[in-house]
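Read through the structure below, which is laid out as structure tokens, and then see the notes.
No lab work stands behind these numbers, since they all come straight from the coordinates. Values in this document were obtained by computation on a predicted structure and should not be read as measured data. Because the Cβ atoms are built from the backbone with ideal geometry, glycine has one as well, and the counts that use them run over all protein chains shown.
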Amino acid sequence: MKEKRVLATFILAVAFLGLIFLLAHRAAASSARCLPDALGVSRTLELSAQGGWQVGLKTYPRTLALDDHEIVLTFDDGPTHTTAKVLDALAKECVKATFFLVGRNAAAMPSLVRRQIAEGHTVGHHTFSHPGATLRRLGEKAAQNEIEKGFSADDKAAYGAAGAAPRTPFFRFPGFADTPALVEWLSARNIAVFGADVWASDWQPMTPEAQLALVLARLEKEGRGILLFHDSKEQTAAMLPALLRELKQRGFKIVHVKPGAEPPAMQAAPQGWTSETDKIIADVFAKETHAGRKAHGVAPAPQAQPAPAK
Ligand SMILES: [Zn+2]
């Protein structure tokens with residue numbers, strides 16, 4: 001009887017020590033991933049999306065109020081095979097970003113979505129299938145379904161279940177191709193729309209070196225803003241470690257956005273602002289018209305939007 005008790009105590013003690021060892025090892029491993037002089041996050045905005053709002057000067061005449069040299073990192077279109085590399089680079093610098101997921105990718109690679117959540121990133125939404133024709137061509141109901149299906153697939157991948165509303169009420173339109181009706185619908189659902197202030201233009205193929213130089217030049221010019229990348233792009237994943245080192249050296253600060261209770265502080269666009277994205281979308285539609293839109297059976301292109309009044 002006594003021997004049994006001694007044995008049980010011994011087993012418990014071994015299990016306890018094993019647990020301590022495991023926890024210590026894990027803590028050491030996670031802090032070891034961070035560089036000693038890591039870029040880190042300088043502040044976190046816990047934003048309420050109540051009533052809906054839209055930010056990002058490429059599309060909207062306002063953006064988040066950021067200080068000089070403050071940037072918000074955002075990555076679209078994942079998760080894909082290059083996402084892990086992006087996450088490794090962010091982890092090394094203790095930097096948090098926002099990922100706007102494509103629902104069908106999230107459903108295909110849920111472990112990457114769970115890793116994003118576990119590592120403290122924000123997981124926003126970017127439709128279910130990222131329609132090539134953009135949501136402008138889908139018609140109201142089909143576009144809403146694309147968005148809803150995306151919310152649901154992302155949350156199922158991230159948390160195992162999806163509720164009536166997405167846990168993170170942040171959305172980005174594919175190709176920035178919004179419509180007034182969809183923006184109104186999202187606002188009524190208390191969902192915020194993120195455009196961007198600075199593009200990496202990483203949809204254009206270039207070497208990682210050229211990509212790095214382009215982003216740094218644009219950041220130096222704009223000085224701050226919501227920066228758009230694609231974690232689906234190899235050139236972006238490849239240059240990210242060097243970019244984050246360079247941002248640290250140049251005194252840029254990372255602002256992390258996540259859902260919360262603060263109404264966002266906004267910065268109005270400078271005088272003479274116009275939407276850059278509307279011009280681009282109109283050009284794409286015009287080119288498609290030449291390519292024989294009827295053959296694809298898609299709806300007629302909307303009228304190019306007039307430039308907003310100056
Ligand atoms: Zn996209």
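Taken along the Cα-to-beta-carbon direction at a fixed 7 Å, the label points for Asn190 and Gln50 span 0.8 nm.
One compactness figure for the range 205-285 is 1.33, namely its Cα radius of gyration divided by 2.2 N^0.38 Å. If you wrap the range 39-274 in the convex hull of its Cα atoms and look at it from every side, the mean projected area works out to 11.7 nm².
Val257's amide H: which non-local residues (gap 5+, or another chain) put their own amide H closer than 5 Å, with H modeled 1.01 Å from N in plane and none for Pro or chain starts? The list, which skips near neighbours in sequence, is Leu45. Taking the range 53-67 and a reference point 7 angstrom along Cα→Cβ of Gln204, the backbone N atoms nearer than 20 Å belong to 57-59. Cα-based values for the range 91-204, radius of gyration first and Dmax second, are 13.9, 43 Å. Database remark: amide H of Glu70 closer than 5 angstrom to the amide H of Gly225, Lys253 (H placed geometrically; neighbours at sequence offset of 5 or more, or on other chains; Pro and chain starts carry no H). Beta-bridge orientation, the range 39-274: approximately 10 percent antiparallel, per DSSP, counting only bridges with both partners inside. Compute the distance from the alpha-carbon center of the range 160-230 to that of the range 43-58, in whole Å. Measuring centre to centre over Cα atoms gives 12 Å.
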